[in-house]
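To start, the structure under review is shown below, and the notes come after it.
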Amino acid sequence: MENFTFDTIEYVRPDIDALEAQAKELTEKIKNAKSYAELRALIDESEKRSEDASTMFTVAHIRNTLNTTDKFYEDEMAFLQQRLPMAQPTLMAVSQAILESPFAADIDADLGPEYLTSIRRDLSSFRPEIIPQLQEQAMLTTEYQKLMATANIEFDGKTLNLYGIQKYFEHPNRETRKAAFAKYSEFYASNEEKMEEIFDKLVKVRTEMGKALGYETFTPLGYINQGRSDYGQKEVASFREQVRKELVPLCRKLYEAQAKRIGVDKIMVYDEKFIFPDGNAEPIGDAAFLVEQARKMYHELSPETGEFIDFMIDHHLMDLENKPGKASTGYMTSLVKYKAPFVFSCFNHTIFDMQVLSHELGHAFAGYCAMRHQPVEAYYSESTDIAEIHSMSMEQFCYPYAEYMFGDDADKYRFAHLQEALTFVPFGVAVDEFQHIIYENPNLTPKERTYEWHKLEEKYMPWRTYSDDEFMERGGYWYHKLHIFLYPFYYINYTLTTMGAMEFKKRYAEDKEQAWKDYLALCNAGGSKSYLGLLKVANLHVPFEEGSVANAISYAKDILLKAIEEEQK
């Protein structure tokens, strides 16, 4: 295991029949366990037997997203996405047997109550009746992802994908930015009918799953799938309202200042990414250079991150360059057998590249820590609302090293990144409210759904202005957000965790040693506690409480407004 690299891992299709047979055998052994020691050994055996299959599934997924036109891995993913749901009843019988064992108190004492809570949550999200819907959902999301990955946009004498065209949103020439956004919009508008068809089917399939599990809509199931057990829709709605009251006015001020800075009367949608009149910060080297700078940065940040980045580089656990056919996404996943994270992205030579090297590697660092500190695989990853604290906080911790990536433009990076961290939040909560509307009203027509997005832009992004773009003006912007298609109800996590990241930013400035100690404790804890429990581990506030948003953003707000005040003197 020590000498592996990702590119040399041999892919072998998981033997699902054998996995099912082993699961049946384990289920009976668990039912007949005479002591907790015997049960604990069987839990370890169950995880050991499943790690090969889960690792092979992850390898197939990564290689499929690396090249969505590779027929072999496309076929492998199609097979696995059809076959694995069929095996779920047998595999989940193991969990059911653990849950029903007479040693629940021993499990709680040994592993903590979150272990059985997570099993109950998983069991409540599945019944054999929804297997056809799970299969269809997988096919539809793959279809959408391939549609996005194979985008070919002719612009500036080049054939660009979706990441490539977005670089032009930061071009110093306003007409170039405008033309680039028009081409971006044109891609989505020309595929609107296909995207409508895919999403309409997804809404219906997910609604069917929710009803099959006893819910009126898909929404409760969406929350369960995100691992939420100690808060619900009411708390999330209260958070969105805090954002509307506290952050929307601040963002309006930031964009007004940006308009003055770049010399335009009003910020248009194609101006939003252009922060400085002499051009935004750009990385001072190519992908290989940035990775080596990241190695230097993480070695200086802490001994733990130094060990981690060497592991990632030495084992070829990152694929970051933009390529034709590569999925238009970014993610971190885990190869459990190797206790190895993997980071996937598409660099486009903007500040986004630095965000990847801090954000996705923040996820990866947390996974690396949890896989080495937690006793069971169930705790190797945490609920999604915690996971983004790891990544977004790491972005902030990396600010002192921005010179390594941007040279003399490091301050430009820090300002632009911090502004975007806050201006993103209203968009993020709009995505969340949009999904609540969609799944509470599954019979809306595609055009009615798009109009709902238009109304949410007016509510949360009143500065957003399109120019002679009928598709975007009536609400088409939501189609570009792949999370709405692939990961329903995930997106609010980015906004909740922005609050945690902003808290960590302030505390890191006040007491670097203690802030890092709390952050490391959070990473090491993995998924061993609930969302609220993990906030306590990290000494972070609960973002649903009244006043929490104003509190969390206060330090970053002061930094940005003081910088604007200085530039306007």
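Okay, here's what the table says:
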item: Given K158/K459; K253/K326; K266/K562, the pairs whose alpha carbons are separated by over 30 Å; result: K158/K459; K253/K326
item: The chain - mean residue ellipticity at 222 nm from DSSP helices (-39,500 (n - 2.57) per run, n ≥ 4, rounded to 500); result: -22000 deg cm²/dmol
item: Footprinting exposure proxy for Y477, Y73 (fewest neighbouring C-beta atoms within 10 Å first); result: Y73, Y477
item: Whole-angstrom Cα spans of segment 6-111 along principal axes, big to small; result: 51, 25, 18
item: Formal net charge of residues neighbouring T141 (Cβ-Cβ distance under 13 Å; K, R +1; D, E -1); result: +1
item: Total charge dipole magnitude, the chain, about the Cα centre, Cβ charges on Lys, Arg, Asp, Glu only, Debye to nearest 20; result: 820 debye
item: Ascending count of other beta-carbon atoms within 10 Å, so fewest first, for I313, I130; result: I313, I130
item: Environment charge at L320 (Cβ cut-off 11 Å; Lys +1, Arg +1, Asp -1, Glu -1); result: -3
item: Spatially proximal aspartates and glutamates relative to K194 (Cα-Cα < 17 Å; intrachain offsets below 8 disregarded); result: E136, E143, E186, E448
item: Per-selection Kirkwood Rh - the chain (Cα, Å, 1 d.p.); result: 24.8 Å
item: Equivalent ellipsoid semi-axes, segment 242-398, via Cα gyration tensor eigenvalues times 5, rooted, Å; result: 33, 20, 14
item: Alpha-carbon Debye profile of segment 266-314, log10 I(q)/I(0) at 0.18, 0.21, 0.26 Å⁻¹; result: -0.67, -0.73, -0.90
item: Ascending count of other beta-carbon atoms within 10 Å, so fewest first, for F504, F415; result: F415, F504
item: Under 15 Å, Cβ to Cβ, from I559 - net charge with Lys/Arg +1 and Asp/Glu -1; result: -1
item: Filter on K245/K517; K178/K569; K146/K273; K24/K48 - keep pairs with C-alpha separation over 21 Å; result: K245/K517; K178/K569; K146/K273
item: Whole-angstrom gap from segment 331-396 to segment 137-185, using each part's C-alpha centre; result: 26 Å
item: Rounded Å value of the spacing that divides the Cα centres of segment 229-271 and segment 490-569; result: 18 Å
item: Projected area, mean over directions - segment 79-201, Cα convex hull, nm²; result: 12.1 nm²
item: Mean projected area in nm² (Cα convex hull; one quarter of hull surface) for segment 425-534; result: 9.3 nm²
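Here, each number is a calculation from the coordinates, and none is a lab measurement. These figures come from a predicted structure and were not determined experimentally. Cβ atoms come from the backbone with ideal geometry, glycine included; neighbour counts cover every protein chain shown.
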